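Worksheet: the structure to be examined is printed underneath.
Every number here is computed from the coordinates shown, using simple stated rules; none is lab data. On a predicted model such as this, the values are computed, not experimentally measured, just so you know. Counting neighbours? That spans all protein chains shown, and the Cβs are built from the backbone with ideal geometry, glycine included.
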Amino acid sequence: MTFPKNFLWGGATAANQIEGAYDVDGKGLSVTDITTAGSLNEPRYLTYKLNGKLEKTPAVPGAGLPKGAVGTIDPNAYYPNHVAIDFYHRYKEDIKLFAEMGFTTFRISIAWTRIFPKGDEEKPNQAGLDFYRRVFEECKKYGIEPIVTISHYEDPLYLSEKYNDWQDRKMIDFYVKYAKTLFIKYKGLVKYWLTFNEINSALLMLNSFGNDVVDNKAYQHAYQKLHYQFVASARAVKAAHEIDSENIVGNMICGVVDYPLTPDPEDVLATRHVMEQNIYYCGDVQCKGKYPTYSKRLWNEHNVHLDITEQDKKDLAEGKVDIYTFSYYMSNVITKHKVEDKVSGNFSAGAKNPYLKYSEWGWATDPTGLQYYLEVMYDRYDLPMMVVENGLGAIDKIAADGKIYDDYRIDYLRQHIKAMQKAIDDGVDLIGYTTWGCIDLVSAGTGQMSKRYGFIYVDRDDEGNGSLDRIPKESYYWYKKVINSQGKDLD
């Protein structure tokens, strides 16, 4: 078993989790900039004013503000993304470290508000354009191919307030203008693009993680938001191909495998329906260019009525993605039966799988699930695939000798790389792998720095203290060996 000769090896990050410099060089506020720190037991919050009163509500990836709210920075709260790991000023140092590891690709996102600070400006912010050009040129200097996410949980705060989190089709035009600007400005520097990070999170967060009581308004909001994003994505795909025939554009799905807990047919059917809603729905629209037959059942279950035009349908058909990319961390089990042994943690709930081990954040380690997901999705869509997020969040300690021994991370990644090897051997066209958080960054789910994913340790704690110095972990040297051997040497 070997990986393809031109297989892309690297790591993945997001602008809001690494850059910092949240108000530097003309950058506007994004929704992430009003998101506080959290912990395993305490959620992150969006802070805002409603009717002049400072309030907060739990933050969920992909979610926006309550209607009528005005995003506000609370002077008494801590916002870890404001500084993050200061990649904005340290990108040369970090990219050099990635190059020394052997990266052939680096997945990064662009902060929409660096390019269009409010989201609806006539002209882009030149300082923002210049920053990303420097980053991409630095990557190219080392032979690193950028994979760029256009929107990674980073909507402009102004647009989110004005249009109630994608509840107005005007958002489509704002997004497409932003995307076209990137395609034009970075032609020749970037050819791999992802339209929306984990686009299916709008549905996942409704009921996948133990939240069983959600009113129909929430479903209406989520499905309408998704429809406008599907159309925006499709138009962006078409524009990308017109601007540069070399461009390769993918969707990005939060990949979660669901298994029936028991052989009870009710559990099996419930599992299929969960997969249709949470995983297949977004993949089918973006890869096949049309809504699947079961979409009507999903809409009818929650009395959803969408604003869909004939032009929208034409756009979807003409804007199918070129590759299927996804994140994979864990699997879940589905059951209609009452269970005692339940998961509790960061965006995880429901029944525990007795055959799997769980992290302290409640995520099941399931490399076989990655092989399963790859084989099912490749068979379904027949498109080249990339795993663009996969990793283990853990608390890393600096030993007395100054080193960070993260054998648990090496073991996790080794298991998942072996699973990818098996999927490739079974015929899956897998073209790349970027581990999540190749350098320590702010956790999207908890806002912590102590929940670390990286090969590179960043000296910063959950309260914002630390030098921000970079220290390669043992996994850094292990992954370097993996890349150098094209995935053969996993010891």
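Calculated mean residue ellipticity at 222 nm for the chain: -11000 deg cm²/dmol, from DSSP H runs with n ≥ 4 weighted as -39500 (n - 2.57), summed, divided by the residue count and rounded to 500. Using C-alpha pairs under 8 Å with a sequence gap of at least 6, the mean separation divided by the residue count of the chain gives a relative contact order of 18 percent.
When DSSP beta bridges are restricted to pairs lying wholly in the chain, around 35% turn out antiparallel.
The share of alpha-carbon pairs in the stretch 73-184 lying farther apart than 17 Å comes to 61%. Under 17 Å of direct C-alpha separation, and excluding same-chain neighbours fewer than eight residues apart, LYS185 reaches these lysines: LYS123, LYS140, LYS177, LYS238. Each of GLU360 and ASP491 was given a label point 7 Å from its Cα along the Cα-to-Cβ line. The distance between the two points is 3.1 nm. For LYS338, the lysines whose Cα falls under 24 Å of its own Cα, not counting residues fewer than eight places away in the same chain, are LYS352, LYS357.
Equivalent-ellipsoid semi-axes for the chain (Cα gyration tensor, √(5λ), whole Å, largest first): 29, 28, 25.
Can you tell me how the stretch 335-491 classifies by the Cα gyration tensor, rounded, prolate or oblate, using a/c under 1.5 as the rounded cut? Because a/c hits 1.5 or more and a/b fails to exceed b/c, the stretch 335-491 counts as oblate.
Inter-label distance, HIS302 to VAL70: 3.1 nm, where each label sits 7 Å from its Cα along the C-beta direction.
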